[in-house]
Amino acid sequence: MKVLHIDASPRTVRSVTRKLSAVFIQNLRLKVPGLHVTHRDVGHHPPPFISDAWVGAAFAPADHDDPSMKGVLHHSDALTAELLACDTLLIATPMHNFSIPACLKAWIDQVVRTDMTFKLKRNNSN
Ligand SMILES: Cc1cc2nc3c(=O)[nH]c(=O)nc-3n(C[C@H](O)[C@H](O)[C@H](O)COP(=O)(O)O)c2cc1C
């Protein structure tokens, strides 16, 4: 089993969700021999927000070769590869002001990639 463990709290030693996810992983290790865990700490190291250049690069046709777009998806490619390499996702997050923390939303925006983590279903009926 390959787990991607995400912590999204900005807090450190007093964080309830970090304690919970650590205990969860600790117990899982006892049950699953050879467990492989990748830890991604978006609470302490938030991914960048997507930008105009990011959207342009992410939605450019595959054969579109624009040097100015080179490197724009660097973070996104790395985070997406990390997500695709796992078979189990553990997200430990507080709720902040009736929603998820901005750092976790930034991570989601970086990993939602067409034909990589989701596919658009085309409707050919009209
Ligand atoms: C800025 C802030 C906003 C919060 N907003 C909410 C909220 O809208 N709803 C809720 O149920 N809890 C809210 N909480 C409480 C946290 O979600 C809760 O204490 C959580 O366990 C904190 O996790 P952590 O200790 O890992 O940071 C908020 C806490 C903070 C610091």
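Quick note: the coordinates plus some simple rules give every number you see, no bench work behind them. In this text, all values refer to a predicted model and were calculated from it rather than measured experimentally. Counting neighbours? That spans all protein chains shown, and the Cβs are built from the backbone with ideal geometry, glycine included.
Checking the Cα-Cα distances for K70/K105; K19/K105; K2/K119 against a 29 Å cut-off, no pair goes over it. 3J(HN,Hα) along segment 51-66, derived from phi through the Karplus expression 6.51 cos²θ - 1.76 cosθ + 1.60 where θ = phi - 60°, amounts to 9, 4, 5, 4, 4, x, 6, 5, 9, 6, x, 4, 8, 7, 10, 10 Hz, with x in place of Gly and Pro. Against the chain, whose longest principal axis comes from its Cα atoms, helix 74-84 is set at around 60 degrees.
In terms of packing, defined here as the mean over residues of other Cβ atoms within 10 angstrom, the peptides 57-64, 101-108, 16-23 line up highest first as 101-108, 16-23, 57-64.
Placing R0 at 35 angstrom, the Cβ-Cβ distance between R29 and E82 gives a FRET efficiency of 0.95 after rounding to 0.05.
Below 14 angstrom from the Cβ of R40, what's the summed charge of the other residues (Lys, Arg +1; Asp, Glu -1)? Taking every Cβ under 14 Å from that of R40, the sum is -1. Place a point 7 Å from Cα of D41 in the direction of its Cβ. Which residues in segment 55-80 have their backbone N less than 14 Å from it? Under cut-off, by backbone N: nothing.
Between the amide H of V112 and any residue lying 5 or more places away or on another chain, no distance stays under 5 Å, with hydrogens modeled in the peptide plane. Across the options N97, M116, L79, the greatest Cα extent toward the positive end of the charge dipole of the chain (unit charges at beta carbon of Lys, Arg, Asp, Glu) belongs to N97.
So how tilted is helix 16-31 from the main axis of the chain? Cα-based, degrees 0 to 90, rounded to 10. Value to nearest ten degrees: 80.
Annotation: amide H of R40 within the under-5 Å range of H5, I6, D7, sequence separation 5 or more or interchain, hydrogens built in the peptide plane. For the chain, the 222 nm mean residue ellipticity estimated from helices alone, with every DSSP H stretch of n ≥ 4 adding -39500 (n - 2.57) and the total spread over all residues, rounds to -10500 deg cm²/dmol. In this Cβ point-charge picture (+1 for Lys and Arg, -1 for Asp and Glu), the chain has a dipole of about 740 debye about its Cα centre.
Taking all Cα-Cα distances within the chain, those exceeding 17 Å account for 64%.
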